1. Would you check if Pro184 is within 23 Å of Tyr167 (Cα to Cα), at pLDDT below 90 and of a type outside the set (A, V, I, L, M, F, W, C)?
2. What about Glu66, is it out of contact with any Asp or Glu (no Cβ under 9 Å at 6 or more places or on another chain) and open to solvent by less than 60 Å² (accessible area, probe 1.4 Å)?
3. Just the residues that are in contact with a Cys (Cβ under 8 Å, 6 or more places away or on another chain) and hydrophobic (A, V, I, L, M, F, W, C), please, taken from region 153-192.
4. Tell me, which helices (runs of 4 or more DSSP H) lie completely within region 183-245 with 2 or more residues that are in contact with a helix residue (DSSP H, G or I) (Cβ under 9 Å, 6 or more places away or on another chain), open to solvent by less than 100 Å² (accessible area, probe 1.4 Å) and of a type outside the set (Lys, Arg)?
5. Can you tell me how many residues within region 89-120 are modelled with pLDDT of 90 or more, exposed (fewer than 10 other Cβ atoms within 10 Å of the Cβ) and in a strand (DSSP E or B)?
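The values are calculated or read from the model by the stated rules, or taken from the named source; none is laboratory data. The model shown is predicted, which means the values in this text are computed figures rather than measured ones. All Cβ positions, even for glycine, are placed from backbone atoms using ideal geometry, and neighbour counts span all protein chains on display. Please note that ligands, DNA and RNA were not included when accessible areas were found on the heavy atoms of the full protein model with its side chains. Shrake-Rupley method; radii C 1.70, N 1.55, O 1.52, S 1.80 Å.
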Amino acid sequence: MDAKDILGLPKTQFQIPQEKKSRPPKEPQRKPDGISREVYALTGGLAPLMPSIDASQLKKRPPSDEKITWQWLPFTSSARKDDLQLFHWVRVVNGVPPIGDYAFAKYNKKVSLVKYTDEEYEKYLIDPAWTKEETDQLFDLCEQFDLRFIVIADRFPSSRTVEELKYRYYSVSRTVLIARASSPADVAGNPLVKDPYNMSQEIERKRALSMVLSQTKQQERKDAEVLAEAKRITESRSSLKGSEEPDVPIIAVAGSETSDKAVAVGDIAVPSNSAAPGTSAVTADNASTLASLRMLCVYLQSYALDQMVQATSSSVGLRTIKRVEQLMQDLGVNLKPKVPTKAVCAAHLELRKDILNLLNLQKQLQNKEAEGSSFHDNPYSEAPGTPKMLIREQDRPFMSDALNFGGDRLGKSNQKRKVPGRTSEGVPSPAHKRPRKLKASDL
């Protein structure tokens, strides 16, 4: 007795577990040459973040004919003016020490300053707020500290702000350059002359920057809300203005040339649509557009001409507009006048009106010709506009009942089946009896 007998479970044969498919063994990663086992174990076989040196370079040996040694040798630098002699380790190849200047002397860059003479100072550079001794000290410190004005302000003997020191240095340099030049155009491209230093703007910039940096989180959120609300108000006003006013640029009349080129909208004569019969009148939208254009006293003629053309052509379809433009091109007329004067604009609009009237007349003629051709092909068809002929009761032909045996059945089949809740509009027909059979005595 086992657990299955106790629980009353059926006995089943023991299922042999299926053998799992063995995966192919991974090939062990071989340690690259030139890297120690400890370093390779630390990396875990991952690629380094920074590009490493090729392993072949690690075992590269110097040529056998070169003998390299390191020697403790003295050196001097051209960046120093005191001829100080120092020592450092130098790589010496075949006993020949390297010659030339110190390798790091090329990084000693100096700022070229504008120097003035006593005559130039007395003639151009006198300032009540500055003495000559202070100006000389300023230029000496600028040369010593390479125009690092924060350090210069700290080393300056009198109490001067950084902005005052900058303004004095740049104003003196600019004045000297202009005085030495033969003409102002020679130094116009110099940065000191092209972009003069503005002390008031620099003070305001630093004050605004300090205010921004000293704001709290609550003030920043408040400012962001104010900017968002201002942006929303600006967008709503612009959308409202665009919906109410036409987007027509207004120019101011200044001088005789502008007044000759500009022309009032109300003076341009717009041809009427009453030249040809059947032509549709200008719609309410067109009238409002023309009225809004006439409200402007002065306008750009080419732009107003486009508005007038759109207003007059809005009542027709796109295909008609294309036909008008194609016909104008065939006639050799530009779609937009090259010289949009008052007379040319009026003539251009008049031509468009005439072309629209011509196309409308051609369309009406085609319709009339189509009606005439259809009448000639079928002369018995009713002409359009002809009243229908009414058949009176007395005009119907007489038929005897004896010769119309199937008439009752035909009439009965034409009757509509009456449905409950459905009424007949016409007068109900009288009930018909089934005809009796004829007997021999009746013949």
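1. Working: within 23 Å of Tyr167 (Cα to Cα): yes; at pLDDT below 90: yes; of a type outside the set (A, V, I, L, M, F, W, C): yes.
So Pro184 passes the test.
2. Working: out of contact with any Asp or Glu (no Cβ under 9 Å at 6 or more places or on another chain): yes; open to solvent by less than 60 Å² (accessible area, probe 1.4 Å): no.
No: the conditions fail for Glu66.
3. Within region 153-192, the subset in contact with a Cys (Cβ under 8 Å, 6 or more places away or on another chain) is 169.
Hits for region 153-192: nothing passes.
4. Working: elements: 191-194, 199-213, 217-244.
Fully inside region 183-245 and qualifying: 191-194, 199-213.
5. 1
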